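S.K.: The structure's right below; bear with me while I get my questions together.
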Amino acid sequence: MDKKLGKIGELQRKLARRIVERPVEVDSVRTVGAVDVSYGNTVRAAFVLCSFPDCRILKTRVIETEVAFPYISTFFFLRETRPVLLAVRGEKFDVLLVEGHGRAHPRGYGLASHIGLLLGKPTIGVAKKPLKGVAEGQFIKVGKAYVSVGHLIDLESAVRIVASLLEDGYPMPLKLADRLSKRGML
C-alpha cells in the first residue's frame, strides 16, 4: 500500500501544477454551492445551493453510497471524490465550497483542488484545521475556517466569498451541508 500511496502522492504533485489561481469577480457571483460528506454504515454526501451573498437556500440534495476507500491522512480525495461528484452532478453554481483542503495540502493538491479540476469550476477549500507540512501563504484563517484555493480562483477572492458567508465563524452553506449530510434535514 505504501508504494501505491507514493505513486498517488506523485500524481497529486503533478496535478497540483494544473491548478489555476486567478481572481474571481466576487460582485458577479450569484450562487455558491457547498458540499460535505458524512460517514456511518454508508456515505452521505450533501449539496446545498445558496444565493450569494444573502445565502438563501435555493436547492439541496443528499446522496447515499458505499464507502469505497479507507481514510488515509492527506489522501482524503481518494475517499471523498466519488460521493462529492455524485452530490454535485448536474448542478449549476458560480463557486463551490468543499469541506476539505485545496492548495493548503502538503502536496499542494487536496480534495477541493481535485473536485475543481474535475468539474472545471471555481472551488474553495474550507477546513476546520490546517494540515502539517503546508507552505506558509497557502491558506488564510477566516473566522474558524481555514480557506485555500481549490481551482480557478485566487486566495483573495476565496477569502472574500467565505467571509461574506460566515455565521458564528464558519460559512453558512457548509454548515447547512454538514447538517444535511449527518441528519438528512436542515
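The values are calculated or read from the model by the stated rules, or taken from the named source; none is laboratory data. Predicted model only: the values in this text are computed from it and were never measured. Cβ atoms come from the backbone with ideal geometry, glycine included; neighbour counts cover every protein chain shown. In case anyone asks, the SASA skips ligands and DNA or RNA and just uses the protein heavy atoms, side chains included. Shrake-Rupley method; radii C 1.70, N 1.55, O 1.52, S 1.80 Å.
S.K.: (1) more than 27 Å from residue 132 (Cα to Cα); (2) in a strand (DSSP E or B): which one isn't true of residue 27, the others all being true?
M.R.: Unmet for residue 27, out of (1) more than 27 Å from residue 132 (Cα to Cα); (2) in a strand (DSSP E or B): (2).
S.K.: Could you give me the residue pairs with C-beta distances under 8 Å whose first residue belongs to the range 71-92 and is more than 22 Å from residue 16 (Cβ to Cβ), whose second residue is among the aromatic types (Phe, Trp, Tyr) wherever it lies, and which are 6+ apart or on separate chains?
M.R.: 87/47; 91/47
S.K.: With the checklist (1) within 21 Å of residue 111 (Cβ to Cβ); (2) at pLDDT 95 or above; (3) open to solvent by 30 Å² or more (accessible area, probe 1.4 Å); (4) in contact with a strand residue (DSSP E or B) (Cβ under 7 Å, 6 or more places away or on another chain) in hand, flag the one item residue 18 doesn't pass.
M.R.: Condition not satisfied by residue 18: (4).
S.K.: What pairs can you find where one residue is in the range 48-61 and hydroxyl-bearing (Ser, Thr, Tyr), the other is assigned to a loop (DSSP other than H, G, I, E, B), and their Cβ atoms are less than 8 Å apart, with a gap of 6+ or different chains?
M.R.: Correct list of pairs: 51/30; 60/186.
S.K.: I would also like to ask the following. Hey, can you tell me all the residues within the range 158-179 that are open to solvent by 10 Å² or more (accessible area, probe 1.4 Å) and not acidic (Asp, Glu)?
M.R.: If the condition is that a residue be open to solvent by 10 Å² or more (accessible area, probe 1.4 Å) and not acidic (Asp, Glu), then 159, 160, 163, 164, 166, 169, 170, 172, 175, 176, 179 are the ones that fit.
S.K.: Among the residues in the range 87-94, are any under 13 Å from the mean Cα position of the chain (by Cα) and among the aliphatic types (A, V, I, L, M)?
M.R.: Yes: one or more hits.
S.K.: For the range 41-56, which residues satisfy the criterion of being surrounded by fewer than 17 Cβ atoms within 10 Å (Cβ to Cβ) and either modelled with pLDDT under 95 or within 18 Å of the chain's Cα centre (by Cα) (or both)?
M.R.: Answer for the range 41-56, where residues must be surrounded by fewer than 17 Cβ atoms within 10 Å (Cβ to Cβ) and either modelled with pLDDT under 95 or within 18 Å of the chain's Cα centre (by Cα) (or both): 41, 42, 51.
S.K.: Suppose we keep only residues that are closer than 11 Å to residue 74 by Cβ and of a type in the set (D, E, K, R) within the range 104-137. Which one would you say is least open to solvent (accessible area, probe 1.4 Å)?
M.R.: If we take residues in the range 104-137 being closer than 11 Å to residue 74 by Cβ and of a type in the set (D, E, K, R), then 107 is least open to solvent (accessible area, probe 1.4 Å).
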